[in-house]
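The values are calculated or read from the model by the stated rules, or taken from the named source; none is laboratory data. Please read all numbers here as calculations on a predicted model, not as lab measurements. Don't worry about glycine lacking a Cβ; one is built from the backbone with ideal geometry, like all the others, and counts go over all protein chains shown. Heavy atoms of the whole protein, side chains included, go into the accessibility calculation; ligands, DNA and RNA do not. Shrake-Rupley method; radii C 1.70, N 1.55, O 1.52, S 1.80 Å.
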Amino acid sequence: MKTYILAGLIASTALTCGASMASAGDVTLNYWMWDANQAPVYQQCAAKFEAANPGIKIKITQDSWDNYWTTLTTGFVSGNAPDVFVNHLSRFPEFLENGVMEDITDRIAKDKVDMKAYLSGLAESWAKDDHQWGLPKDWDTIAIVYNKDMLAAAGLKDSDLANLDWNAKDGGSFEKVVAHMTVDQNGKRGDEPGFDKSKVAVYGWVSNPADGYGQNQWSFFAASNGFKAIDKPWGSKYAYDSPALVDTLTWLRDLGIKKGFTISQENIGSLNASAIFSAGKAAMVPDGSWMISTYRDTSKFGFGFAPLPKGPEGRKSMFNGLADSIWSGSKHKDEAWKWVKYVGSSECQTIVGEAGVVFPARPEGDKAAEAAHKAKGLDVSAFTLLATPESTFPFPISDHASEISTILKSAVQNVLLNKGEPAKILKDANAQVNGMF
Amino acid sequence: MGFLFVAPAFVGFLVFYLYPTLRAVEISLTDWNLLRAPKFIGLANYARLLGDATFWHSAWVTLTYVLYNIPIQTVLGLLLAVLSDRLARSVALRAVIIAPYLISNVVAALIWMLMLDPILGLTNAFLDTIGIARQSFLASPDQAMISVAAISTWRHTGLTALLFYAGLQAIPRHLYEAAKLEGASEWVMFRRITLPLLRPVLAFVLVTSLIGSFQVFDVIAVATAGGPADSTRVILWYIYENAFQFHKMGYASALSVVLFVVLILITLLQMRLLKADQSDLD
């Protein structure tokens, strides 16, 4: 019955995305992305590109993360997908399997694009079996965002957050700080006697509603505890039943339900941690580097960035690299490649860096970004210091990513909601996931 | 000549209802991920459905939603209609009652989502000031479905009331006058006159709202996305996930066809039980 909705969706996207026909000899390239913060920056790159390449026009379209993939897929089906689109590793396997991306290996070789010019690991994650499917664009890591006023009120200095350690048993010095920064409605701190966990005014730690990968929620704790989500990139063995993860999530569950230092999963609505932080209800939140400009442009109080705590295995952040891919059905592949090459070039990546919205895939772009942030009084080294192979781990790439993420999300939520024995919930989910291969 | 008058509706029915339905049946017999050519696999999708625990979970969750939604919405709608018919026949009042229905589902869901937020929501700030404990609402698996049902009920009760109100206008006034002369109370008049004579309208309201209720989607898509922990993963959301997230068009279509058949059976049953094609007025 609801096929009508489905059919309608396909029909309406077909109508809305097909509306760019170039006039008289001009080629208009459609370029899609999901990040609203970045669209104006790439517009600057587009202007330079258009000036250097008469006859090619760039039309940038931005859509929210949730809609983006649906619209993109219907675009592939109906023949109205963009010539170039920003790609995410979670979709890479599926797109590869279905042949919707153009293989750019030969073009890279022909134009002698230096893949070593990108930060180590970024180009590699978009390659499979010596074929390259996307040109690196930017990367992200996770750090702690903290409220400077609350830190001062707690009698702590910025440097007190620079070297926290964490473990899944007692939370280490990290948990001590989180407890101390938590304040109840009577003004009692989390580490003081008489603290009322049912009436918390400010939580020491708040992260986004949990999902199956936990990028800016729990993945860095788990990884610093020795958890590896999958045996290898493109692997087929997930390890969500590992004690390293069970212990981490159990600790996080208790931090909320038992101790009241973080909002328990049951009370974290659909609003992101950044909203709760902005409302002054959270002293510290973990967030990704793509959010820096959002905090910078919306915050009404002083804030800073601190590095993630060191776990038993050191500091670990997910290192997620985006890329630009060319649609295999594009009618203007040569022009599309020119644009992709330009977006990945030193010139455009420096422009993007100077805007200070993301960290570009090239080191010179990152320098520009750091300088831009510094000029606005922001020290972003908490993010950049983690961009090394030792302190990062990749996004778990595998087939069946959409279904797997749904199963894992439900499992992680069930653990944090205290709906059963964590080890059992995760073991069942892991078996279900591995059963798909 | 007659055909010309129904032609717009008829063509719409053919293009937007009959064709997609037949096409869904066809797709349901295939393995199709949208991006490659469909492969005919017979009834395999239907066979898989029987053993799919998530399907049964979503069917159960949908049923609980219907059970929260329909009785309250119908009783409240009837109550509002009878009250505004017997007490105050004010156009302004009816306009207020129907107002929530004029807001789109998505907007209603967004507003309620913000108002019901456990930490920053207005509702909890209010509960705090009157000394009632904060509630999780949409964030907790135990309250999410009730909250979604409450949002839908809030939005749809006005329409139900308006339909009932229209039905009430068809009941001859002299019946009430005669009953009053006999000394009947309002309650007796409601039981003996209003309810029986309203039956065809009641049937219409129940049939359409039940079908709509089984197809709840927008509020869930906006406010919970099937969560938390699958507690609002209703059948339509599961169909959507399969079609547009997992790209299993064949399986999604099979689910749609099953829902279609179930709804037809329920509707037929309702029509019989409520004798929807007869009125006691004649």
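Structural remarks
- Hey, residue B:75 open to solvent by 30 Å² or more (accessible area, probe 1.4 Å), modelled with pLDDT of 95 or more, closer than 24 Å to residue B:170 by Cα and away from every other protein chain (no Cβ under 14 Å) or not: yes
- In region A:419-437, the residues that are in a loop (DSSP other than H, G, I, E, B) and open to solvent by less than 80 Å² (accessible area, probe 1.4 Å): A:420, A:435, A:436
- Residue B:220 at the interface with chain A (Cβ under 9 Å from one of its Cβ atoms) and closer than 30 Å to residue B:52 by Cα: no
- Every test in (1) within 21 Å of residue A:37 (Cα to Cα); (2) more than 14 Å from every other protein chain (Cβ to nearest Cβ) is passed by residue A:67 save one, and that test is (2).
- Top-ranked residue of region A:1-59 - restricted to ones that are away from every other protein chain (no Cβ under 14 Å), assigned to a helix (DSSP H, G or I) and modelled with pLDDT under 90, ranked as least open to solvent (accessible area, probe 1.4 Å): A:17
- Residue ranges of helices (runs of 4 or more DSSP H) in region B:214-276 with at least 2 members open to solvent by less than 30 Å² (accessible area, probe 1.4 Å) and closer than 30 Å to residue B:39 by Cα: B:235-240, B:249-273
- Filter result for residue A:326 (open to solvent by less than 60 Å² (accessible area, probe 1.4 Å) and in a loop (DSSP other than H, G, I, E, B)): no
- If you check B:66, B:107 for being closer than 29 Å to residue A:417 by Cα and open to solvent by 60 Å² or more (accessible area, probe 1.4 Å), only one passes: B:107.
- In region B:203-240, the residue that is modelled with the lowest pLDDT out of those that are farther than 16 Å from residue B:271 by Cβ and of a type in the set (Ser, Thr, Tyr) is B:224.
Matching residues to (1) within 23 Å of the chain's Cα centre (by Cα); (2) closer than 20 Å to residue A:380 by Cα:
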{"position": "A:127", "(1), (2)": "yes, no"}
{"position": "A:132", "(1), (2)": "yes, no"}
{"position": "A:136", "(1), (2)": "yes, no"}
{"position": "A:139", "(1), (2)": "yes, yes"}
{"position": "A:144", "(1), (2)": "yes, yes"}
{"position": "A:147", "(1), (2)": "yes, yes"}
{"position": "A:153", "(1), (2)": "no, no"}
{"position": "A:162", "(1), (2)": "yes, yes"}
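- Screening the candidates B:210, B:162, B:202 for the property of being within 30 Å of residue B:280 (Cα to Cα), out of contact with any strand residue (DSSP E or B) (no Cβ under 7 Å at 6 or more places or on another chain), within 14 Å of chain A (Cβ to nearest Cβ) and in contact (Cβ under 8 Å) with a residue 40 or more places away in the chain yields one hit, B:210.
- The listed residue being open to solvent by less than 30 Å² (accessible area, probe 1.4 Å), out of contact with any Leu (no Cβ under 7 Å at 6 or more places or on another chain) and over 14 Å from residue B:220 (Cα atoms), out of B:136, B:90: B:136
- Taking the criterion of being in contact with an Asp or Glu (Cβ under 6 Å, 6 or more places away or on another chain), modelled with pLDDT of 95 or more and of a type in the set (A, V, I, L, M), the only residue of region A:341-360 that qualifies is A:343.
- The requirement of being over 25 Å from residue A:258 (Cβ atoms) and among the β-branched types (Val, Ile, Thr) is fulfilled nowhere in region A:179-201; no residue meets it.
- Out of B:10, B:40, one residue alone is closer than 30 Å to residue B:166 by Cβ and surrounded by fewer than 18 Cβ atoms within 10 Å (Cβ to Cβ). It is B:10.
- Residue ranges of helices (runs of 4 or more DSSP H) in region A:121-194 with at least 3 members open to solvent by 10 Å² or more (accessible area, probe 1.4 Å): A:148-153, A:172-181
- Leading residue by the ranking (nearest to residue B:250 (Cα to Cα)) among those in region B:24-54 that are facing chain A (nearest Cβ under 10 Å) and without any contact (Cβ under 8 Å) to a residue 40 or more places away in the chain: B:36
- Residue A:413 vs. criteria in a helix (DSSP H, G or I), polar (S, T, N, Q), within 14 Å of another protein chain (Cβ to nearest Cβ) and open to solvent by 60 Å² or more (accessible area, probe 1.4 Å): no
- Any chance residue B:149 is surrounded by fewer than 16 Cβ atoms within 10 Å (Cβ to Cβ), modelled with pLDDT of 90 or more and either in contact with a helix residue (DSSP H, G or I) (Cβ under 8 Å, 6 or more places away or on another chain) or assigned to a helix (DSSP H, G or I) (or both): no
- Residue B:246 fulfils the conditions (1) more than 7 Å from every other protein chain (Cβ to nearest Cβ); (2) without any contact (Cβ under 8 Å) to a residue 40 or more places away in the chain except for a single criterion, (1).
- Among helices (runs of 4 or more DSSP H) entirely within region A:226-308, having at least 1 residues that are within 14 Å of chain B (Cβ to nearest Cβ) and under 19 Å from residue A:175 (Cβ atoms) singles out A:243-257, A:273-278.
- In the set (1) touching a strand residue (DSSP E or B) at 6+ places or on another chain (Cβ under 7 Å); (2) within 30 Å of residue B:148 (Cβ to Cβ); (3) not acidic (Asp, Glu), residue B:41 fails one condition alone, (2).
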